[in-house]
Each structure stands twice: as structure tokens, then as C-alpha cells.
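> Below are the C-alpha cells for one structure; questions will follow.
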Amino acid sequence: LILGRVIKSFTHWQASLPWMMTFDPDIINILAGCRIMKMKKLPVGYENFKRIIEENFYFVDKSMLIKELLDRKVMVNLFTRPRRFGKTLTLSMLQCFFEDERDSVGKKIDNSNLFRGLKILNEGDEYSSQMGQYPVISLTLKSGKQNSFESSREFLIRAIAGEFGRHSYILEGESFDDTSKAQYKAYMNMEATAESYKYSLKFLSECLKKWCGKDVIILIDEYDVPLENAHTFGFYEKMTDFIREFLGGALKTNNCLNFAVLTGCLRISKESIFTGLNNFDINSLLSEGYGEYFGFTPEEVRKMCAYYNLDDKYDELREWYDGYEFGEANVYNPWSTVLYVRDHKLKHDAYPVSYWANTSGNSIVRALIDRADRSVKDEIEKLISGGTIEKPVHEDITYAEIYDDMDNLWNFMFFTGYFKKVSSRFENRTQYLTLAVPNQEVLYIFENKIRGWFDEKLKKRNPDALFKAIADKDADKVSEELFNILYETISFHDYYENFYHGLLAGVLYGMDKYVVKSNRESGNGRTDLYLRPARATMPVYIFEFKIAKRADEMQAKAKEALQQIHDKNYDAELINEGYKNFVFYGVSFYGKDCCVVVE
């Protein structure tokens, strides 16, 4: 490549330099046209296919989805996948391939160059001839998160109006009478009645077919976001009625429809939204086919690692972000994979991060955990320890039913990416899945976010009995109260001192006229935790914790903790400050059990 640039600079000397004549002229032209290739940028947050290709972003080729859609030829396709698994980018790719795109005055835009080098163009004229041939209606509903039905409906109306505006070039032709043009402009300018927007997509389909002469392709991204949001804010039935008629008119009774593709997170029951819709195919995490098109396959991740000189990071990347099984395909979380590669391209020895933790819809998971009983806590602890649980799976649910049964917690978490399927079986017409945590990223979420939610619940319990027991120097009562607290929280199979330390520091926070201090330099080491009083005449409570490996070691470990307070003079700093009244607590833990000694 560098030689090409040099040759380009010296080609005008070719006649005077005889050795230049030894180069084949075609080779000289090829080299002269070369430029030093820059490493492709990573598309963090970019979901527009055209922009990714035109601005030289790294693109994982999913174009063979186009072939499968054309081969199967289903009227309405619904793909349900977790958040951040590439649904929006996939629909953008479909739009760029199929759409007979026009500018504001109706001039055709050629997008064929976007697919140069992609797999779909190797499949022959049967598929490439479909490129740029159809009018396309494209809507994304992922921002439909308003807190009232009126504002949510206005968002949908604005999105519809924007799509009418994008196709406004058709008004310049002579295909429409004045009445149709007036109706079109009313939709485009948000001047139509709110009720009439239920039928807007069907009307736009008719207008586009009349102008283009071909049936319409409809693409709707994250169709269920307005429904989930409506459930959260209490107007689910109103939104369901609107969405049912809005989509029903476009997908069920639309004679101008070629085919449609919808994406979402959950498969909402056909009876609640898609009543009476024929030729309708739902592809969920459990369906056969299409599995490799949402998420990255191991081969694709290896190729990305090689491109960015991160081959040695592949095993770590797999441990953290692999583990999902969609149909028969094993896939990685694409969002987290891209961010991992970005961070390690900048700093090769960076630590892996749970990038996905705050991107998925967590509100329903949290609300369900707030309703969780002891058995749910036990099952989550089993998952954290690397175990599995078996649960019935129900794909046809509605948001209105999601709190009816705790099994819906497991269903929702599975379909939103918190679990992987280990195996399945059928019994009495019900499918049962064996579930496990898929990777280190999700395990981090369990160990931190989900356990944190349980701990927040715990902090709301009345701590007065524990505070009184501490003040009364009642070791047995303190032990009993600590046991009750431990029994209610989520913990790990490999208990460690920091777990207990952090939990108790949070519980003791708020003891009247005391401030919690922890791991402070004092005496000859660090005391685990102490309660510092507001007045020097009040007692100081110093705690030291130990972990027992066996239940029958707890008493000895508690006494060892107490002795450590003495041996390391943990009270020295406070004595120097004038405090004279001290109460020492030695506490040992074994799982969720504990032993307390006091002096």
C-alpha cells in the first residue's frame, strides 16, 4: 500500500526512469489507486445500517436473514429477542435492502452499494433482483415510554406522521384525488382525529401501492415497548385496544401488504393483540431457525477478535458474554461484545464489565422480586452458586397476567436474557425448561443488582429489635435478629466476610444517635465495624467478624473475633479521643447461621 502511494507520486517520471517501465501498467494503476486502510470503527450505539456501512464501521454480516425471509415467505414475522441483541439494526438492514427509497422530490436513491461484499449478493439474481423494489413503512416504537395514555398515543401519532412525511413525495404525482391528498396531509401534519390513526398504516399502504404499483413491506421495531410501559403506568387496556386496531388494520386486513417483520422482547399472546391474524409466524428464543441472526456466533466473535488483534482475549470474552442459545444457535451478547472489544482495543489489559446490566428493562423483574417468597430467594441463590432450576415456560402471556403467578418471573427473565436453556422436556402438554445463568456478565447482575434489590427490601424492615439487643448486650437476641436478617437476604455459595460486613453496615445505619464506621485504621489493624456515639458518655460498640468452615466451629470463631479486638487494640483511637465505655462483639458466621459473644 505504501509502495502504491510512492508509485503514484512518481508516475509522471515514468518515461525518464527506464526501470519504471518494467511494471505492468495495470499493476501501476491498481497500486496508484490504493490508500492505506484504517481499522474500522466499532459501532457503539449506532443502529442505522446505511450509516454503519458508509462511515466504515465494523459490521457483522447478517444479510442472509434476507434470503431466509424470502425463502419462507411468511406474511407476518415476529422476532422476540432480549434488549440490545441487534433487532433495530437488523430492521434497518432490511429496509435498506428492500426499499424503493426516494428523496423529497421522488428521485430514486440507489442503496445497492451498501451490500457490496455481503453474503446475500452471492445468492444469485433470485435475491439480488429484490433489492430496492418495494415501498417500505418503517416504525420504531422503542421510545414509547410515556407516563400517560394521552402522551403515549401522541408519541405513536408523531412516529406515524413522520413516516407519512418521509413518503410525502407521492403527493406530487397524479395518482390521488383531492380527498386522498387531504387525508394524507392530515396524517402527516398530525391534524387527523386521534381515533383515525388506528387505520393510518393501512391507508399509507394503499397510497404507496397506488404510487409504486407494488405491495408494501412493513417493519415495526420493539412493538411491545408501549405495552410494557402502559402496564407500568396503569393504562394497559387502553393501549392494548389502540395497538390491536393499529396493527390489526395494517397486518390482518391489508390487501396491499407484501410481508411484515416485527421485533420485540416478549411474545404477547395472539388473543390479546393479533386476534384473527392468519399466516403469522412467531420466532422466539425457543423456535427453530433464524437463531444466528440476533447476536454474534462464536465464529463471528473470533473474526472480530482477530481483526482488532485481541485473539488472546477470546476465552475471557466467551466466559463473560457467551452462553445464549437461540433455537439451535449458540450466540454472544452483541452489545457487550462490541463494548468489550472497544475497551480492550484501547487498553489491552482492561477488566471485563457487565455492560448489559443497565440496558435491559428491569422494572418488571424488580417488581416481581418485591413479591418473591423464600422459595424464590432459595432458587436465585442456587443459580448464583452455579446450579439450575426447572420451570414451566408459557410463551403466550400478556403484561396484564404477568403478576398472576410467580412462574411468570422465571418466564419473563428467561425471555429477556437473564437465563439460558440447558435442556427441556414436555409433560402434560407443558414445556419445562432447565435454566441456568448464561455467563459471568449475568452472574454479576445476580450477585449485585438483584441481590441489592433484596437488600433494599431488608433495609425497610424495622431494626429496633436488633438495636435494642445490641444496647442490652444480649448476645442471644443479637444472634437471633442477625439470623432473621440473613434468612431474608440473597447470599452466595462462597460466603466471604465482606458480604456480611456490607450487609450489617447497611442494617445498622440509622441506629439513633450512632454513626456506623467500618474498616477504619485503629490500634494495630482495622476493626471490621463500630458504632460511634454522638456523646462521649454513651457506649461505643465494636464488632469483629469471622467465617466458620463448619457449624460446630462458630462458637470458637466468635471468641477468636472477640480476642482479636483485644489483641489489636481496636479501641485505642477512641480511647485517645476520650471515650471510656466500650462493648465488644465477636460474631461468627456459617452460611446463614451465626454465633455472637459479647464483652
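> Please specify each residue of the range 58-78 satisfying the condition of being more than 14 Å from LEU118 (Cβ to Cβ) and outside any loop (DSSP other than H, G, I, E, B). Steps first, please.
Restricting attention to the range 58-78, the residues satisfying the condition of being more than 14 Å from LEU118 (Cβ to Cβ) are 68-78.
Hits for the range 58-78 are GLU68, LEU69, LEU70, ASP71, ARG72, VAL76, ASN77, LEU78.
> Looking only at residues that are in contact (Cβ under 8 Å) with a residue 60 or more places away in the chain and among the hydrophobic types (A, V, I, L, M, F, W, C) in the range 373-386, which one is surrounded by the most Cβ atoms within 10 Å (Cβ to Cβ)?
ILE380
> Restricting attention to the range 87-124, which residues are under 14 Å from MET64 (Cα atoms) and either open to solvent by 50 Å² or more (accessible area, probe 1.4 Å) or basic (Lys, Arg) (or both)?
Within the range 87-124, ARG116, GLY117, LYS119, LEU121, ASN122, GLU123 qualify.
> What are the residue pairs meeting all of these: first residue in the range 538-561, first residue over 22 Å from PHE467 (Cα atoms), second residue among the basic types (Lys, Arg) and part of a helix (DSSP H, G or I), Cβ atoms under 6 Å, and 6 or more apart or on different chains?
Filtered contacts from the range 538-561: ALA548/LYS557.
> Run GLN130 past the list (1) over 17 Å from LYS50 (Cβ atoms); (2) without any contact (Cβ under 8 Å) to a residue 40 or more places away in the chain; (3) open to solvent by less than 50 Å² (accessible area, probe 1.4 Å) and report the number of the one that doesn't hold.
For GLN130, the failing item is (2).
> Applying the selection to the range 406-438, what residues are of a type in the set (Gly, Ala, Ser) and either touching a helix residue (DSSP H, G or I) at 6+ places or on another chain (Cβ under 7 Å) or open to solvent by less than 40 Å² (accessible area, probe 1.4 Å) (or both)? Give the derivation first.
Let us first name the residues in the range 406-438 that are of a type in the set (Gly, Ala, Ser), namely 417, 423-424, 436.
Answer for the range 406-438, where residues must be of a type in the set (Gly, Ala, Ser) and either touching a helix residue (DSSP H, G or I) at 6+ places or on another chain (Cβ under 7 Å) or open to solvent by less than 40 Å² (accessible area, probe 1.4 Å) (or both): GLY417, ALA436.
> Let me spell it out: the conditions are (1) in a helix (DSSP H, G or I); (2) touching a helix residue (DSSP H, G or I) at 6+ places or on another chain (Cβ under 7 Å); (3) crowded, with 16+ Cβ neighbours inside 10 Å; (4) not aromatic (Phe, Trp, Tyr), and ARG342 meets all of them except one. Which number is the exception?
Going through the list (1) in a helix (DSSP H, G or I); (2) touching a helix residue (DSSP H, G or I) at 6+ places or on another chain (Cβ under 7 Å); (3) crowded, with 16+ Cβ neighbours inside 10 Å; (4) not aromatic (Phe, Trp, Tyr), ARG342 breaks only (2).
> Still on this structure, please answer the following. Out of the residues in the range 549-564 that are in contact with a Cys (Cβ under 8 Å, 6 or more places away or on another chain) and of a type outside the set (D, E, K, R), which is nearest to TYR509 (Cα to Cα)?
To start, the set of residues in the range 549-564 that are in contact with a Cys (Cβ under 8 Å, 6 or more places away or on another chain) comprises 554-555, 557-558.
Narrowing the set further to residues that are of a type outside the set (D, E, K, R) leaves 554-555, 558.
Working: MET554: 25, GLN555: 26, ALA558: 23 Å.
Filtering the range 549-564 for residues that are in contact with a Cys (Cβ under 8 Å, 6 or more places away or on another chain) and of a type outside the set (D, E, K, R), the one nearest to TYR509 (Cα to Cα) comes out as ALA558.
> Just for the range 75-124: of the residues that are on the phi > 0 side of the Ramachandran plot and in contact (Cβ under 8 Å) with a residue 24 or more places away in the chain, which one is farthest from the chain's Cα centre (by Cα)? First the steps, then the outcome.
From the range 75-124, those on the phi > 0 side of the Ramachandran plot are 84, 86, 106, 117, 124; that's our starting set.
This time we only want the ones that are in contact (Cβ under 8 Å) with a residue 24 or more places away in the chain, so: 84, 86, 106.
Details: ARG84: 5, GLY86: 10, GLY106: 38 Å.
Among those that are on the phi > 0 side of the Ramachandran plot and in contact (Cβ under 8 Å) with a residue 24 or more places away in the chain, it is GLY106.
> Ok, one more. Going by the structure shown, is ALA367 under 30 Å from ASN229 (Cα atoms), in a helix (DSSP H, G or I) and without any contact (Cβ under 8 Å) to a residue 40 or more places away in the chain?
yes
> Moving on to the next point. Name the pairs whose Cβ atoms lie under 6 Å apart, with the first residue in the range 186-211 and free of Cβ contacts under 8 Å to residues at least 24 places away in the same chain, the second assigned to a helix (DSSP H, G or I) and surrounded by fewer than 22 Cβ atoms within 10 Å (Cβ to Cβ), and 6 or more positions between them or separate chains?
Pairs found: ALA192/ALA186.
> So which residues in the range 323-339 are within 18 Å of PRO43 (Cβ to Cβ) and not in a loop (DSSP other than H, G, I, E, B)? Talk me through it step by step, then tell me what you get.
From the range 323-339, those within 18 Å of PRO43 (Cβ to Cβ) are 331-339; that's our starting set.
Residues satisfying the conditions are VAL331, TYR332, PRO334, TRP335, SER336, THR337, VAL338, LEU339.
> Would you check which residues across the range 153-174 are open to solvent by 50 Å² or more (accessible area, probe 1.4 Å) and closer than 14 Å to LEU208 by Cα and list them?
If we filter the range 153-174 for residues that are open to solvent by 50 Å² or more (accessible area, probe 1.4 Å), which is where we start, we get 153-154, 158, 166, 172, 174.
If the condition is that a residue be open to solvent by 50 Å² or more (accessible area, probe 1.4 Å) and closer than 14 Å to LEU208 by Cα, then ARG166, GLU172, GLU174 are the ones that fit.
> Surrounded by fewer than 14 Cβ atoms within 10 Å (Cβ to Cβ), modelled with pLDDT under 50 and not hydrophobic (A, V, I, L, M, F, W, C), is that true of GLY33?
On the way: surrounded by fewer than 14 Cβ atoms within 10 Å (Cβ to Cβ): yes; modelled with pLDDT under 50: yes; not hydrophobic (A, V, I, L, M, F, W, C): yes.
Yes: the conditions hold for GLY33.
> Scan the strands (runs of 3 or more DSSP E) fully inside the range 509-557 and keep the ones with 1 or more residues being at pLDDT below 95 and open to solvent by 80 Å² or more (accessible area, probe 1.4 Å).
Counting at least 1 such residues, we get 514-522, 525-533.
The values are calculated or read from the model by the stated rules, or taken from the named source; none is laboratory data. All values derive from a computational prediction rather than experimental measurement. Reconstructed Cβ throughout: ideal geometry from the backbone, glycine too, with neighbour counts over all protein chains shown. Just the protein is used for accessible areas: all its heavy atoms, side chains included, with ligands, DNA and RNA removed. Shrake-Rupley method; radii C 1.70, N 1.55, O 1.52, S 1.80 Å.
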